[in-house]
Amino acid sequence: MIREIFSRNRKNKYATIPSNASKTDVPEGIMTKCPECKHIGLTKDLIKNKKVCPACDHHYKMTAYERVSIFIDEDTFVSMDDHLSTVNPLNFPGYTDKIKSDSEKTGLNEAVLTGTGLVNGRKVVVAIMDAHFRMGSMGSVVGEKITRAVEEATKQEVPFIIFTASGGARMQEGVLSLMQMAKTSVALNRHSERGQLFISILTHPTTGGVSASFASIGDINLAEPKALIGFAGRRVIEQTVREKLPENFQTAEFLLAHGQLDAVVHRSSMKETVSTLVKLHAKGGN
Amino acid sequence: MVKTLPFEEPVIQLRDKITELKDFTSNADVDLSTEIQQLEDRLQKLETDIYDNMQPWDRVQVARHPERPTTLDYIREIFTDFIELHGDRSYGDDEAIVGGIAAFNGCPITVIGHQRGKDTKENIRRNFGMPHPEGYRKALRLMKQAEKFNRPIICFIDTKGAYPGKAAEERGQSEAIARNLVEMAGLKVPVISVVIGEGGSGGALALGVANHVHMLENSTYSVISPEGAASILWKDSSLAQQAAEAMKITAPDLKQMGIVDEIIQEAVGGAHRDTKQQAIYMKEALQRSIDTLSKLSKEELVNNRYEKFKSIGEFAE
């Protein structure tokens, strides 16, 4: 292929210098370079491929709405609790501005999008965390939205499905963030007591307080390939135990090998896998 | 000799002076009783000034005091017939958490708590009170056992956090904590948790999904240590003192946020100055909680816990 390029160049008697006008004609972000294998491809092809690198299978981070578009049947998603908004309970300087700017950037009111929708025709309540919003960290609004989503699933007697992506509890809301771990847990306990299904899908990255609460206790725990999943950060652990950790430490595959996950599922087959699981849990058979 | 903390230095110095004067007058032929009386009045005023106006960072120091009473101290002072039960039945016994059965005012209860060491040797054995997954799984096993035999559960929280180590990750630290949160939510017996020292993050909360959550006056409960918060927020762990204030981690802060039900008063100068007196305050608070909660049915207990945690959080709608 490289030889081809050179030979083609030789045949050309002149070169084309792109004008300034044509430069601006090309929309920004038309090409995307894979952070893992450096493969460069058309962004539109990447999106068609569910944001998985065609060369190395790297699973790119997704926004909550991108996730909806590949996971929920078209035009069936109805969002919930978009009216909740974050306050600044500890009066942390700059916190309100950060929330505002992330909100504008992502089009979300907080770091999780919740709602109802169909997965291959079966109704579910879904919560999708978005790591582009304050690292997906959990404060009062994230905790409240997830809790309300679980309650809705319990009430409607449908499965609750969550895609996690979070750095953990949100520092700026202090202990209130910590308590969201307990809050979501009491709701999930009730959901479980009523015999309802909860599937947790861990995506990159799921750590800290989110890993140590709802993310890890699905009836079924799935994860995307190579997702970073863990309680403490790698640096903290290395400083504590004073040894270098293996390369694959805290990856989805590492957790699978240590018995913490039911399966690692490629993004291209996630919808089918979940829809089959939902079907197998349908009340009264199907 | 109890270790003195920086903020109480003036009190200690004055107290030493008074003792010195008293010694002197008992041997010499002078009457200094008026002077001593004056000094003692001043001491009392100083004590009130200092101990009634403790800053968050002062409380952090008291909460971490090496001689502060631990779970086993309270168990010894408050309960009778304590029998320690070990192990999680699948991996090992984590001595950073202790638990067992005992009698409280004659009634059987299950008691579980984080356990720090009092000296270096014990701290190594108990991993400085920072549990591994098997510690949380032992705790859960004992809670389920308590539920089966219908006895109340009392948890003492006292940890910097769950241990951030390699083995802990391999054995599922996240799952162990998460499992406790969800299972505690559904326990059909009264659950009372008391933060007695440091309540550090998820590792503390894993014993904290209770019907009543109390805090000792000088204990702390937080999402991250002041040092950790300072290093993440301002990239400088030496700003811990400011972080302790900003993060709102003291008992009065948590009471105000509606997270804590009752603040248990401490002996003057902190629990470590009078373990026996502290145990009396603790016992009274526990009895009040048990009296209240034993009136609730199994279903009401679960609902009560649900409503309590469901209501925590601040947002606009």
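The values are calculated or read from the model by the stated rules, or taken from the named source; none is laboratory data. Remember, predicted model here, so these are calculated numbers, not experimental data. Counting neighbours? That spans all protein chains shown, and the Cβs are built from the backbone with ideal geometry, glycine included.
Okay, residues lined up against (1) at positive phi; (2) at the interface with chain B (Cβ under 8 Å from one of its Cβ atoms); (3) assigned to a helix (DSSP H, G or I):
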site	(1), (2), (3)
A:Met181	no, yes, yes
A:Arg190	no, yes, yes
A:Ala215	no, yes, yes
A:Pro225	no, no, no
A:Ala232	no, yes, no
A:Glu253	no, no, yes
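Looking across the stretch A:255-273, just one residue is part of a helix (DSSP H, G or I), in contact (Cβ under 8 Å) with a residue 40 or more places away in the chain and among the small types (Gly, Ala, Ser), and that is A:Ser268. Exactly one residue out of B:Ser289, B:Ser219, B:Ser231 is of a type in the set (Ser, Thr, Tyr), under 23 Å from A:Gly209 (Cβ atoms) and touching a residue at least 12 places away in the same chain (Cβ under 8 Å): that is B:Ser219.
For the stretch B:292-317, the set of residues classified as part of a loop (DSSP other than H, G, I, E, B) and either surrounded by fewer than 17 Cβ atoms within 10 Å (Cβ to Cβ) or of a type in the set (Ser, Thr, Tyr) (or both) consists of B:Ser294, B:Lys295, B:Leu296, B:Ser297, B:Ser311, B:Glu317, listed by residue number. Looking across the stretch B:131-178, the residues that are among the acidic types (Asp, Glu) and at the interface with chain A (Cβ under 8 Å from one of its Cβ atoms) come down to B:Glu169, B:Glu170, B:Glu175.
Of the helices (runs of 4 or more DSSP H) lying entirely inside the stretch A:61-160, those containing at least 3 residues that are of a type in the set (A, V, I, L, M, F, W, C) and not assigned by TED's automatic domain parsing to the domain that holds A:Cys34 are A:64-71, A:140-156. Contact annotation: residue pairs with Cβ atoms under 6 Å, 6 or more positions apart or on different chains, pairing a residue in the stretch A:50-68 that is touching a residue at least 24 places away in the same chain (Cβ under 8 Å) with a partner that is β-branched (Val, Ile, Thr) and surrounded by 16 or more Cβ atoms within 10 Å (Cβ to Cβ), are A:His59/A:Val52; A:Ala64/A:Ile128; A:Arg67/A:Ile128.
Filtered by the rule that a residue be without any contact (Cβ under 8 Å) to a residue 60 or more places away in the chain and part of a loop (DSSP other than H, G, I, E, B), the stretch B:23-59 gives B:Ala28, B:Asp29, B:Val30, B:Asp31, B:Leu32, B:Asp52, B:Asn53. Could you list, in sequence order, the residues of the stretch A:234-250 that are at the interface with another protein chain (Cβ under 8 Å from one of its Cβ atoms) and of a type outside the set (Ser, Thr, Tyr)? Answer for the stretch A:234-250, where residues must be at the interface with another protein chain (Cβ under 8 Å from one of its Cβ atoms) and of a type outside the set (Ser, Thr, Tyr): A:Val236, A:Ile237, A:Val241, A:Glu243, A:Leu245, A:Phe249, A:Gln250.
Would you mention how many residues in the stretch A:194-209 are within 14 Å of chain B (Cβ to nearest Cβ) and either farther than 18 Å from A:Phe133 by Cβ or aromatic (Phe, Trp, Tyr) (or both)? Residues in the stretch A:194-209 being within 14 Å of chain B (Cβ to nearest Cβ) and either farther than 18 Å from A:Phe133 by Cβ or aromatic (Phe, Trp, Tyr) (or both): 5 in total. Please determine, by comparing only the residues of the stretch B:233-272 that are in a helix (DSSP H, G or I) and among the small types (Gly, Ala, Ser), which one is surrounded by the most Cβ atoms within 10 Å (Cβ to Cβ). Among them, the one singled out is B:Ala271. The single condition among (1) under 22 Å from the mean Cα position of the chain (by Cα); (2) of a type outside the set (Lys, Arg); (3) farther than 26 Å from B:Tyr91 by Cα that A:Phe254 does not satisfy is (3).
Has the stretch A:186-207 got at least one residue that is under 28 Å from A:Asn91 (Cβ atoms), of a type in the set (Gly, Ala, Ser) and under 20 Å from the mean Cα position of the chain (by Cα)? No, the stretch A:186-207 contains no residue that is under 28 Å from A:Asn91 (Cβ atoms), of a type in the set (Gly, Ala, Ser) and under 20 Å from the mean Cα position of the chain (by Cα).
In the set (1) part of a helix (DSSP H, G or I); (2) in contact with a strand residue (DSSP E or B) (Cβ under 9 Å, 6 or more places away or on another chain); (3) among the β-branched types (Val, Ile, Thr), the condition left unmet by A:Thr276 is number (2). When we screen A:Ala111, A:Ala131, A:Ala127, A:Ala165 for residues that are within 14 Å of chain B (Cβ to nearest Cβ), modelled with pLDDT of 95 or more and at negative phi, the only hit is A:Ala111.
Checking each residue of the stretch B:205-224 against the condition of being away from chain A (no Cβ under 11 Å), assigned to a loop (DSSP other than H, G, I, E, B), among the polar types (S, T, N, Q) and closer than 19 Å to B:Trp57 by Cβ gives at least one match. Confirm whether B:Met257 is within 11 Å of another protein chain (Cβ to nearest Cβ) and in contact (Cβ under 8 Å) with a residue 40 or more places away in the chain. Here the answer is yes, as B:Met257 does meet what is asked.
State which residue is nearest to A:Ala187 (Cα to Cα) when the search covers only the stretch A:237-254 and only residues that are crowded, with 20+ Cβ neighbours inside 10 Å and out of contact with any helix residue (DSSP H, G or I) (no Cβ under 9 Å at 6 or more places or on another chain). Here the residue is A:Ala252.
A Cβ distance below 7 Å, combined with a sequence gap of six or more or placement on separate chains, defines the contacts here; from the stretch A:170-198, residues that are in the same structural domain as A:Val210 (by TED's automatic domain parsing) and of a type in the set (Ser, Thr, Tyr) reach residues that are crowded, with 24+ Cβ neighbours inside 10 Å and assigned to a loop (DSSP other than H, G, I, E, B) in the pairs A:Ser177/A:Gly139; A:Ser177/A:Arg170; A:Ser177/B:Val223; A:Thr184/A:Ser213; A:Ser185/A:Ser213; A:Ser185/B:Val209. Restricting B:Phe82, B:Phe128 to those that are of a type outside the set (S, T, N, Q), touching a strand residue (DSSP E or B) at 6+ places or on another chain (Cβ under 6 Å), more than 22 Å from B:Glu183 (Cα to Cα) and at pLDDT 95 or above reduces the list to B:Phe82. Are any of the residues in the stretch A:227-236 in contact with a helix residue (DSSP H, G or I) (Cβ under 8 Å, 6 or more places away or on another chain) and touching a residue at least 60 places away in the same chain (Cβ under 8 Å)? Checking the stretch A:227-236: at least one residue is in contact with a helix residue (DSSP H, G or I) (Cβ under 8 Å, 6 or more places away or on another chain) and touching a residue at least 60 places away in the same chain (Cβ under 8 Å). B:Pro10 falls short of the stated requirement of being closer than 21 Å to B:Lys276 by Cα and either surrounded by 11 or more Cβ atoms within 10 Å (Cβ to Cβ) or among the small types (Gly, Ala, Ser) (or both). What about A:Ala182, is it surrounded by fewer than 23 Cβ atoms within 10 Å (Cβ to Cβ), of a type in the set (Gly, Ala, Ser) and either within 23 Å of B:Ile312 (Cβ to Cβ) or modelled with pLDDT of 95 or more (or both)? Judged against the criteria, A:Ala182 is not a match.
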